[in-house]
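Working notes, structure below.
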Amino acid sequence: MVERMIKNLTEGYDGFEDTGIKAGIIKVAGHDLTDWEKKNFRAAAKVNEKLKAPIATHACAGARTQMELLRENGANIDATFYSHVECKWGWEGRSLEKEAEYLLDVAKSGGYLQFNNFDFEFDTPFPDMLFLINYLDENGYGDRVFISIDANWVIEEDGSIWHEAEKDHPETGKRTYAYAMTNAVPMLMSAGVSLQRINKYLIDNPRRFFETK
């Protein structure tokens, strides 16, 4: 795993080396952190330590556990971010207030937190996501918040294309790559989040993250 990650970051992907395109970030995923997933996280931490490449994790649940695993294996936590953290089914039984405290611990340790479930009301009601973002900002850790959009599709065998969750929730079909700008930002501004804060979440914080060595 370490060798493959290093190759992707320094030479490019198998069969595409001649394009000059190289990976710019390490992405790892974990739900219950199986033995295989833990191995993947350990490899990512070693590569981060060696090449100073940033790490993104899929963290619908267990962001703090993931962070601790990366830190134990040598990763620079200032160069890690945890995505989908507002996903309500991943709160492991915590209340909204307890989840806010849980995420604040990650931010205090240096990790960044990505919020991207805009208009996934069945998964994360917007007032809950807004509470978490405001809580982090009000407690002095707004500089550890990212906002983004999670846009992905499924192509059926018959060629039909569906956005994630669109079959059960047709309203999610409007979440394109532009959605963060066309919808998410106006939602936040309508809820009283200033343009200065939005610029921090969209521009300043990601820039600092990718500059971290």
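The values are calculated or read from the model by the stated rules, or taken from the named source; none is laboratory data. Predicted, not measured: the structure shown is a model, and the values here were computed from it. Heads up, the Cβs are rebuilt from the backbone with ideal geometry, glycines too, and the neighbour counts pull from every protein chain shown. Ligands, DNA and RNA are excluded from the accessible area calculation, which covers all protein heavy atoms including side chains. Shrake-Rupley method; radii C 1.70, N 1.55, O 1.52, S 1.80 Å.
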### Message
Looking at the structure I just gave you, is Ala59 under 20 Å from the mean Cα position of the chain (by Cα) and over 20 Å from Ile149 (Cα atoms)?
### Response
no
By residue number, the members of the range 69-83 that are open to solvent by 20 Å² or more (accessible area, probe 1.4 Å) and either modelled with pLDDT under 95 or under 15 Å from Leu113 (Cβ atoms) (or both) are Asp78, Phe81
In the set Ala180, Ala165, the lone residue that is in a loop (DSSP other than H, G, I, E, B), in contact with a helix residue (DSSP H, G or I) (Cβ under 8 Å, 6 or more places away or on another chain) and surrounded by 10 or more Cβ atoms within 10 Å (Cβ to Cβ) is Ala165
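Only one residue in Val185, Val193, Val145, Val154 is surrounded by 18 or more Cβ atoms within 10 Å (Cβ to Cβ), free of Cβ contacts under 8 Å to residues at least 40 places away in the same chain and not polar (S, T, N, Q). Which one? Step through it out loud before you land on a result.
Values: Val193 fails: free of Cβ contacts under 8 Å to residues at least 40 places away in the same chain; Val145 fails: free of Cβ contacts under 8 Å to residues at least 40 places away in the same chain; Val154 fails: surrounded by 18 or more Cβ atoms within 10 Å (Cβ to Cβ).
It is Val185.
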Within the range 33-56, residues touching a residue at least 24 places away in the same chain (Cβ under 8 Å) and out of contact with any helix residue (DSSP H, G or I) (no Cβ under 8 Å at 6 or more places or on another chain) come out as Lys39, Asn40, Glu49, Ala56
Note on the range 196-209: residues surrounded by 11 or more Cβ atoms within 10 Å (Cβ to Cβ) and either within 30 Å of Leu51 (Cα to Cα) or more than 17 Å from the chain's Cα centre (by Cα) (or both) are Arg197, Asn199, Lys200, Tyr201, Leu202, Asp204, Asn205, Pro206, Arg208, Phe209
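Matching residues to (1) assigned to a loop (DSSP other than H, G, I, E, B); (2) under 25 Å from Pro186 (Cβ atoms); (3) among the polar types (S, T, N, Q):
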site	(1), (2), (3)
Ala45	no, no, no
Glu49	no, no, no
Ala53	yes, no, no
Ala61	yes, no, no
Gly74	yes, no, no
Glu86	yes, yes, no
Gly93	yes, no, no
Asp105	no, no, no
So Arg64, is it surrounded by fewer than 20 Cβ atoms within 10 Å (Cβ to Cβ) and touching a strand residue (DSSP E or B) at 6+ places or on another chain (Cβ under 9 Å):
yes
Condition set of a type outside the set (D, E, K, R) and in contact (Cβ under 8 Å) with a residue 40 or more places away in the chain, scope the range 168-177, selection most open to solvent (accessible area, probe 1.4 Å): answer is His169
Scanning the range 6-43 residue by residue, those within 21 Å of Leu113 (Cα to Cα), acidic (Asp, Glu) and in a helix (DSSP H, G or I) turn out to be Glu37
Counted residues in the range 5-38 being more than 28 Å from Cys87 (Cβ to Cβ), open to solvent by 60 Å² or more (accessible area, probe 1.4 Å) and under 22 Å from the mean Cα position of the chain (by Cα) come to 1
Per the filter on the range 117-136, residues in contact with a strand residue (DSSP E or B) (Cβ under 9 Å, 6 or more places away or on another chain) and closer than 17 Å to Ser190 by Cα are Phe118, Met129, Leu132, Ile133
